[in-house]
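The next block holds one structure in the form of structure tokens; read it before the comments.
Each value in this text was obtained by applying a stated rule to the coordinates, not by laboratory testing. Just so it is clear, the structure is predicted and the values come from calculations on it, not from any experiment. Cβ: placed from backbone, ideal geometry, glycine included. Neighbour counts: every protein chain shown.
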Amino acid sequence: MADEPASRLKTLIVDDEPLAVERMQVICAKIGELQVVGTASDGAQALRLIEALEPDLVLLDMTMPEVDGMSVAKALTDKAQSPAIVFVTAHDNYAVEAFDLEAVDYVLKPVKPERLERAVARAIARRGDGERTDSAWLEELWIPHRSELIRIATSEVGRIDAERDYVRLHVGEGEAARTYLLLQTIAGLEKRLDPDKFIRIHRSTILRKDRITGLRHDGLGVWSVEMGDDEALRIGRTYLPKVKAMAGR
């Protein structure tokens, strides 16, 4: 229609389940900012249609046979003008990898219209302000919480503790403090965090450097890190030289 807003996002839906595609089409039809220009049932077809249709937004299923959603997103990282990607999946354990590929959002199935609307708002905001980071380090994390995933800025994370194959993120301070579990090993997460801002002090603990108020020698070669809330955390011997170097010792 001639009076349709020029700002509508040309949208491609990619999912190998026909009913999921149909449901997404119904939801998208009720979001005025979207214009669905096509659908694809697998990753290879998605890449061909992205090349031909040049969509602004791709609603991308994560798990598909042969070429999956992650592979599609990786193939788009080298394009100068790649579409915004919103992963739509039943699985919450790919969130860290998805953020590494600069996806706009990560929406869990079954998709709720209001949740997709928030994802679309993020895509519009990114298009408007040119938000795209060249940083090699994580600046946000997607955390499974109840029936969706929430975004936590790494600047809000003061401490990270290992719990087997998970990490527990300690967010905020004082009465606003809260914790979240993320399916990710502490070693894997450490590689994605800016070493200028975070330091591993123990095989089970990573701290944000600006939350450290001092170092304390407890005798017999044992050192601890002092935190602003009067808490002290023991430094592992393997990590002691690096912690001391941070403090200029």
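Pairs of lysine residues in the chain that meet both criteria, 8 or more places apart or on different chains and Cα atoms under 26 Å apart, total 18. Taking one equal scatterer on every alpha-carbon of segment 9-131, how large is log10 of I(q)/I(0) by Debye at q = 0.22 1/Å? Summing over Cα pairs of segment 9-131 leads to -1.44. Distance between the pseudo-spin-label points of His217 and Ala44 (7 Å out from Cα toward the beta carbon): 6.6 nm. The slack in the chain from Glu175 to Ser204, taken as 0.36 nm per residue of separation less the alpha-carbon distance, amounts to 8.0 nm.
Counting neighbouring Cβ atoms within 10 Å and putting the fewest first, the residues Thr179, Thr89 line up as Thr179, Thr89. Extension gain for the segment Leu183 to Lys10, taken as residue separation times 0.36 nm less the Cα-Cα distance, is 58.9 nm to one decimal. Fewest neighbouring Cβ atoms within 10 Å first, the residues Thr77, Thr39 line up as Thr77, Thr39.
Of all the options Ala187, Ala95, Ala177, the one that moves most in a Gaussian network model of the chain with Cα springs shorter than 10 angstrom is Ala177.
Here the chain is treated with +1 on each Lys and Arg Cβ and -1 on each Asp and Glu Cβ, and its dipole about the Cα centre works out to around 1020 debye. Applying 1/(1 + (r/R0)^6) with R0 = 41 Å to the Cβ-Cβ distance of Leu101 and Lys242, what FRET efficiency is obtained, to the nearest 0.05? FRET efficiency, Leu101 to Lys242: 0.85. For an R0 of 41 angstrom, estimate the FRET efficiency from the Cβ-Cβ distance between Ala29 and Ala136 and round to the nearest 0.05. The value I calculate is 0.55. Here Glu17 and Arg234 are evaluated by their C-beta separation; at R0 = 41 Å the FRET efficiency comes out at 0.25.
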